[in-house]
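Before any comments, here is the structure.
The values are calculated or read from the model by the stated rules, or taken from the named source; none is laboratory data. All figures in this text were calculated on a predicted structure; none of them were measured in a lab. Heads up, the Cβs are rebuilt from the backbone with ideal geometry, glycines too, and the neighbour counts pull from every protein chain shown. Just so you know, the surface numbers come from the protein's heavy atoms only, side chains and all, with ligands and any DNA or RNA stripped out. Shrake-Rupley method; radii C 1.70, N 1.55, O 1.52, S 1.80 Å.
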Amino acid sequence: MGLADFAHSLQEMGVALYSTGGTRKHLEESGVEVHDVADYTGFPEMMDGRVKTLHPKVFGGILGIRDREDHVASMEKHGMISFDMVVVNLYPFEATAARSGVSREECVEQIDIGGPSLVRAAAKNHRDVAIITSSEQYSRVLAELHENDGTSLKTRQTLAAEAFEHTACYDRAIADYMRGDSMSGDFPTSMHLTLKRKAHLRYGENPHQRAALYSDPSVKGANLVSARQISGKELSYNNYLDLDAALEIVRGFAEPAVSVMKHNNPCGAATGAKLSIACRKALAGDPLSAFGSVLGFNRTVDVETAELLCEPGLFIEAIVAPDFEASAVGLLTTRPRWKDNVRLMQVGRLDTLGATIQRRFISGGMLAQDADRMSSSPLQWKTATDCQVDDELWDDISFAWEMVRHVKSNAIVLAREAALIGVGAGQMSRVDSVEIAIEKAGDRAKGSVLASDAFFPFPDSIEAAAEAGVIAIVQPGGSRRDNEVIAACNEHDIPLILTGRRHFKH
């Protein structure tokens, strides 16, 4: 319901309406009879509308307590009308600030002064006044007016709470914008999060845990919360976590890329000349774990890729992609055994990255850090061994190094032909991660490259890798025993590349 419809309904109930400027003109053009606030106050709008509602006759009519004789007497003495409802749409500051190329002057002009003042005044006097700050409130307020010939105190209290929350978010957006001009890249001394509940979820990580989804208006890039669900059942808490991780992996590649996530770790990932090729390679990374997984794509899912996903023996929980061809959606939701149960999430173009600051809550507060998105080039790396890297291995080494940052520490990945073939994740011992990755890869480990998210503290992992047939290793370096690790690599004729950068992910 729009403002004009709401005003029409109020007028039909005999409510007298007062308004200013563009809003008054809009209502009049819609056939609503509206009194001009300037005529009521006897004070004209001025300064391009900066001063129009800031007047004692307006605020006295809102703030006056109806059962206080002295308040009523003051209102009568000064010819004040009792305003029983205030409806405010604040200037669109956030939308203006989000526009590309907008100037500071344009943003400043969209800082509402009178609107928040009206909201706060009405919310303060909610015992007598109803404050409306969102079009989503129109229908329920009208329903109560029709039923009870007025609003209840409980409703006005709820509206007041929503109003103060609304102005707090508005002021927060302005403060963040102003602070953004003077932060010089540093973390702010205080941080206030403005999150809006978007949905209740069926449950959290486990059925006994309640859960909800909240949106962060500061995140502008492609993301799961703002995605459009094309098909499938309601997303679960765990679906959101896995889909978010799947999306984060593929958005880091320029070529067609596919990730396969299980329990928030990749069990498969690959790049290819086209999406279907990358998809087949990614699913082959760990076919057993891929059953019941979620997939991430950095290209539109086409019919050829959908045909592959419809092959017997696959079960996919959810897919996130920039877009889906209509025919691909038809295949995915009708042909496989899971049919329209699969969740298809369209996030749009991936050319804009999401939030660059990561936040994690701990008991008593929150941690904040830069997202681990800083790229590095093989040109910045150092080959520490006497044996050098064959030129044809650099693509696999770069792929493995990009993938290892997305695996929970201690993280080890094996890669071959730009595909993930073995993953060791979340182990307390790095050598355990190496052994798990080798076991996952099986015979494919021979001829693969290995990436480690942090340095090897001992040469025992090198021995295991050499025995499995690994032909190159990339890791940050920095251990006191780097020389022992390098010596072990030289002994087995395995080139060791040191990147100088760690990629822990806890």
Percent carbon-and-sulfur accessible area, the stretch 357-506, ignoring ligands, DNA and RNA, probe 1.4 Å: 47
Could you tell me what a quarter of the Cα convex hull surface of the stretch 111-175 works out to, in nm² with one decimal place? 4.3
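Over the stretch 1-62, what percent of the accessible surface lies on carbon and sulfur atoms, probe 1.4 Å?
It is 51 percent, rounded to a whole number.
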Label points 7 Å out from Cα along the Cβ direction at residue 1 and residue 391: separation in nm? 7.2
Taking only the alpha carbons of the stretch 196-348, what extent do you get along each of the three principal axes, in Å, biggest first? 40, 32, 29
Between residue 190 and residue 143, how many nm apart are label points set 7 Å from Cα along the C-beta direction? 3.8
Restricting to the stretch 244-389, what percent of DSSP beta bridges are antiparallel, rounded to 5? 65
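So how do 203, 170 rank on accessible area, 1.4 Å probe, biggest first, that is with the largest at the start?
Highest to lowest solvent-accessible surface, that is 203, 170.
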Ignoring ligands and nucleic acids, what accessible area does residue 165 show with a 1.4 Å probe (Å², nearest 10)? 120
Report the relative contact order of the chain, percent, no decimals, based on alpha-carbon pairs under 8 angstrom and at least 6 residues apart. 8
Where nothing but the Cβ of Lys and Arg (+1) and of Asp and Glu (-1) is charged, how large is the charge dipole of the stretch 289-385 around its Cα centre, in debye to the nearest 20? 380
Per residue accessible area of the chain, 1.4 Å probe, in Å²: 52
What dipole magnitude, in Debye to the nearest 20, does the chain give about its Cα centre under +1 on Lys/Arg Cβ and -1 on Asp/Glu Cβ? 820
Roll a 1.4 Å probe over the protein heavy atoms and report the accessible area of residue 234 in Å², nearest 10. 80
At a Förster radius of 35 Å, what calculated FRET efficiency corresponds to the Cβ-Cβ distance of residue 360 and residue 29, to the nearest 0.05? 0.10
Please work out the Cα center distance from the stretch 465-506 to the stretch 310-326, rounded to the nearest Å. 37
Nearest-5 percent of antiparallel DSSP beta bridges in the chain? 65
Structure-derived Cα Rg over 2.2 N^0.38 Å - corresponding label in (1) 1.29; (2) 1.16; (3) 0.90: (1)
Less than 18 Å apart at the alpha-carbon level, and either on another chain or at least 8 residues along: which lysines does that give for residue 281? 262, 440, 446
Rounded to the nearest Å, the spacing of the alpha-carbon centers of the stretch 230-289 and the stretch 89-104 is 36
Whose amide H sits under 5 Å from the amide H of residue 211, counting only residues 5 or more places off or on another chain, with H placed in the peptide plane? 201, 204
Two-site FRET efficiency, residue 463 against residue 100, from Cβ-Cβ distance with R₀ of 56 Å, rounded to 0.05: 0.55
Dipole-positive endmost among 126, 21, 141 within the stretch 1-148 (Cβ charges, Cα centre): 126
